[in-house]
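What follows is one structure encoded as structure tokens, with my remarks underneath.
The values are calculated or read from the model by the stated rules, or taken from the named source; none is laboratory data. As the structure is a prediction and not an experimental result, all values here were calculated from the model. Cβ coordinates were reconstructed from backbone atoms using ideal geometry, including for glycine residues, and neighbour counts include every protein chain displayed.
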Amino acid sequence: MEGEKVMELSPALIIKKGHGEAAYHFLKQNSWLDSKKQLNEIENGILAIPINENCPLAKEKINIFDNEKRIDVRIENVEMSSNPPSVEPHARLHESITQWLQSNLEIDDSLSQQSRVILMDDLLSKIPKKWEKLGDLILLPQTTFSSNKWTSIISEENQLSLWKCIAEALKIERIGIQKHINDDIERSSQAQLLLGNSSWVELLDFGVKFGFDACKVMYSSGNVTERHRIGNMDMNGETIIDCYAGIGYYTLPMLVRGDAALVHACELNQHSITALEWGAKANNVSNRLIIHQGDNALTMTKLEGIADRCHLGFLPSSQPTWKLAIACLKEKGGILHIHMNVEEEKIEQWIDSTIHSLQQYVIELKRNYKVEVLHLEKVKWFAPRVRHVVLDVEFIHYD
Ligand SMILES: C[S@@+](CC[C@H](N)C(=O)[O-])C[C@H]1O[C@@H](n2cnc3c(N)ncnc32)[C@H](O)[C@@H]1O
């Protein structure tokens, strides 16, 4: 029943209240504190601090000092209530992994108390602090549990219990670990599934459904603001070319939210295309999407003169498609969204040189376009001092 406390007889360290802080820190440092139970004052001025199964029951072995004086303690079973589980995922993960370590870490008996504390602190300091949540699957960073100490603890036998304990703490069903995103042009993902049977995930972002295999293709959660910005543009009646469509990060918002009349999606990677087709069906926009499989250096040459807008979403640079994209614009002109990684202090300089290059391409293509900057969007930090930016450029026809 809500609000009702479950009381349980559990072992506790009994001390005078004045020594509470010193005793609490001592138990915590030794990983002897039972964080699932609540500390309480059992009688006037006397505290019971819950201890776990690793804490020795012989009081001679518990050497707590307060102001350099050893304090008097005793161990007793007392009625204690359970702590409500933490609402904060990082705290829950920390608690769960601490408990997992308490059952799985074989500590050499000869190790001093101080060395045990250092070992435990070191292991706990390596717990992941961030992860990517994709529906009910989380992808842990590549370096998770890769330190020598962690790899010496995780074994064939105990790893499943660790993944399950993480899944329970984070309230998800499946866990994967990032392997680096390949440096190939397909940006293929090499995530590995640790818990669960399938790495297919489905998400709803800003009213748009996405589905993809998280172990085969990348999904950039960091580009969320840009996805929303593009999705908020009115593209009613427009024909658009998404030159690096991926799983439809921009193609789908342009169709679903922007109401584009038709998107030509250029994409190389078959896994991304499978996901894009799934997304088109799930969002009911398949009839307004044409997928061109293959290298955009070839596919875009067949799309000359048809587009109101081209989306060039590739990092570190989308420059190989700039000239092709201008050639794809309708005679009356249109808009390019140019993605690029640029050093923060060189952004203004980069805008000028980009406009200059685009004007050169316009001359080479014999188009009568005036080239104007509409907007520069700073999407995210890609690396220290390097920004992922998007430059919106308009090509205006003149006679
Ligand atoms: C990083 S994803 C970008 C997806 C999305 N536009 C974004 O910015 O989040 C790049 C996609 O471009 C595709 N790609 C890279 N080079 C390509 C090329 N020359 N022709 C067609 N697709 C290409 C890759 O397969 C990948 O799916």
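List of remarks:
Every residue, every condition in (1) over 20 Å from LEU276 (Cβ atoms); (2) of a type outside the set (D, E, K, R); (3) assigned by TED's automatic domain parsing to the domain that holds SER103, yes or no:
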residue	(1), (2), (3)
LEU140	yes, yes, yes
TRP150	yes, yes, yes
ALA169	yes, yes, yes
GLY176	yes, yes, yes
LYS179	yes, no, yes
TRP200	no, yes, no
GLY211	no, yes, no
ALA214	no, yes, no
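- Residue that is nearest to the ligand (Cβ to nearest atom), among those in region 327-349 that are touching a residue at least 12 places away in the same chain (Cβ under 8 Å) and not in a strand (DSSP E or B): CYS328
- Residues in region 286-326 that are without any contact (Cβ under 8 Å) to a residue 60 or more places away in the chain, touching a Lys or Arg at 6+ places or on another chain (Cβ under 9 Å) and surrounded by fewer than 18 Cβ atoms within 10 Å (Cβ to Cβ): GLY305 alone.
- Only listed residue being among the hydroxyl-bearing types (Ser, Thr, Tyr), in the same structural domain as TRP322 (by TED's automatic domain parsing) and in contact with a helix residue (DSSP H, G or I) (Cβ under 9 Å, 6 or more places away or on another chain), chosen from THR301, THR274: THR301
- Scanning region 286-296 for residues that are part of a helix (DSSP H, G or I) and either more than 14 Å from the ligand (Cβ to nearest atom) or within 10 Å of LEU252 (Cα to Cα) (or both) gives SER286, ASN287, ARG288.
- Residue list for region 38-69, restricted to those being among the aliphatic types (A, V, I, L, M) and in contact with a Leu (Cβ under 6 Å, 6 or more places away or on another chain): ILE49, ILE51
- Which listed residue is within 26 Å of LEU376 (Cβ to Cβ), hydrophobic (A, V, I, L, M, F, W, C) and touching a Ser or Thr at 6+ places or on another chain (Cβ under 9 Å), from ALA265, ALA280, ALA261: ALA265
- Contact map, region 238-250: residues that are assigned by TED's automatic domain parsing to the domain that holds CYS266 paired with residues that are part of a strand (DSSP E or B) and near the ligand (Cβ under 6 Å from one of its atoms), Cβ distance under 8 Å, separation 6+ or inter-chain. Pairs shown: ILE241/CYS266; ASP242/CYS266; CYS243/CYS266; TYR244/CYS266; TYR244/GLU267; ALA245/CYS266; ALA245/GLU267; GLY246/GLU267.
- Of the residues making up region 33-76, those that are surrounded by fewer than 12 Cβ atoms within 10 Å (Cβ to Cβ), part of a loop (DSSP other than H, G, I, E, B) and out of contact with any strand residue (DSSP E or B) (no Cβ under 9 Å at 6 or more places or on another chain) are ASN44, ASN67, GLU68.
- Remark: pairs (first residue in region 356-370, among the small types (Gly, Ala, Ser); second residue surrounded by 14 or more Cβ atoms within 10 Å (Cβ to Cβ) and in a helix (DSSP H, G or I); Cβ separation under 7 Å; 6+ apart in sequence or on different chains) = SER357/TRP322.
- Of everything in region 180-192 that is modelled with pLDDT of 65 or more and over 13 Å from the mean Cα position of the chain (by Cα), the residue that is surrounded by the fewest Cβ atoms within 10 Å (Cβ to Cβ) is HIS180.
- Any hit, region 278-285, residues being of a type in the set (S, T, N, Q) and either near the ligand (Cβ under 8 Å from one of its atoms) or part of a strand (DSSP E or B) (or both): no
- Breaking point among (1) at pLDDT below 95; (2) among the basic types (Lys, Arg); (3) in the same structural domain as HIS375 (by TED's automatic domain parsing), for ARG229: (1)
- The listed residues are GLU79, GLU106, GLU95, and the only one of them that is charged (D, E, K, R) and part of a loop (DSSP other than H, G, I, E, B) turns out to be GLU106.
- Some residue of region 171-184 being outside any loop (DSSP other than H, G, I, E, B), more than 13 Å from the ligand (Cβ to nearest atom) and either closer than 24 Å to VAL379 by Cα or hydroxyl-bearing (Ser, Thr, Tyr) (or both): no
- Of residues in region 206-230 being surrounded by fewer than 17 Cβ atoms within 10 Å (Cβ to Cβ) and free of Cβ contacts under 8 Å to residues at least 40 places away in the same chain, the one farthest from the chain's Cα centre (by Cα): HIS228
- Enumeration of residues in region 341-362 that are more than 18 Å from ARG387 (Cβ to Cβ) and among the hydroxyl-bearing types (Ser, Thr, Tyr): SER357, TYR361
- Sub-9 Å Cβ pairs linking a first residue in region 144-161 that is free of Cβ contacts under 8 Å to residues at least 24 places away in the same chain to a second residue that is among the polar types (S, T, N, Q) and surrounded by 11 or more Cβ atoms within 10 Å (Cβ to Cβ), at least 6 apart or interchain, are ILE154/ASN104; SER155/ASN104, ordered by first then second residue.
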